[in-house]
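These notes are about the structure you will find just below.
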Amino acid sequence: MYNGSYGKEALSCTYKNPFSLIISDINMPEMDGLELLKRVKTMNPAMMVIMVTAYPEIDMAVEAMRLGAYDFIIKPADLDLVVLSVKRALEKKRLEEELEAYHKNLEKLVRRRQPD
């Protein structure tokens, strides 16, 4: 049964499960998509978030991007556009993770080579 708390349920799921990507509508009861985006990014800045809305406003899109959304899609969305956005977001996440692992490995090598 729907209890009107999609945003809260999504946030709860992100605490329990390691997701790579969230696609969220802006308009949801109790907690809107922008609030969900803020909370998710506070908890996990590397999380990829794609915002979706049927009521596009330039201020809303700018705010979503400022808060860290990867993309902003207007409904009704072309499925190919959604797939492309998801692929790009996941590729960006993969590259960021690779870069972070490279930096950590480089730092480890530097520490090993430093004289005591």
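The values are calculated or read from the model by the stated rules, or taken from the named source; none is laboratory data. Bear in mind that the values here come from a model prediction, so they are computed numbers and not experimental data. Heads up, the Cβs are rebuilt from the backbone with ideal geometry, glycines too, and the neighbour counts pull from every protein chain shown. Each accessible area value is taken on the protein alone, full model and side chains, heavy atoms only, with ligands, DNA and RNA left out. Shrake-Rupley method; radii C 1.70, N 1.55, O 1.52, S 1.80 Å.
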| task | Could you point to the label whose value was computed as Cα extents along the principal axes in Å for the structure here, given (i) 60, 29, 26; (ii) 31, 30, 29; (iii) 46, 37, 26? | result | (i)
| query | Could you give the nm distance between label points at A101 and D78, where each point is 7 Å from its Cα heading toward the beta carbon? | reply | 3.4 nm
| query | Solvent-accessible area per residue for the chain at a 1.4 Å probe radius, Å²? | reply | 70 Å²
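Given Cα pairs under 8 Å that are at least 6 residues apart, what percent is the relative contact order of the chain? List each step's numbers first, then the result.
Working: 122 pairs, mean separation 25.0, N = 116.
Result for the chain is 22 percent.
Over its Cα atoms, what ratio of radius of gyration to 2.2 N^0.38 Å does segment 27-79 give?
Working: Rg = 10.8 Å, N = 53, 2.2 N^0.38 = 9.9 Å.
Scaled against compact globular proteins, the figure is 1.09.
How much length is gained if the chain between L21 and K41 is pulled fully straight, taking 0.36 nm per residue apart and subtracting their Cα-Cα distance, in nm to one decimal? Don't jump to the answer; show the numbers that get you there.
Numbers: separation 20, 0.36 × 20 = 7.20 nm, distance 1.15 nm.
Stretched out fully, the L21 to K41 stretch lengthens by 6.1 nm.
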| request: Please list 71-82, 20-31, 102-113 highest first by mean number of surrounding beta-carbon atoms within 10 Å per residue. | output: 20-31, 71-82, 102-113
| Carbon and sulfur %, accessible surface of the chain computed with the full protein complex present, 1.4 Å | 57 percent
| query | Which FRET efficiency value, to the nearest 0.05, do you get for E57 and E30 by plugging their Cβ-Cβ distance into 1/(1 + (r/R0)^6) with R0 = 25 Å? | reply | 0.75
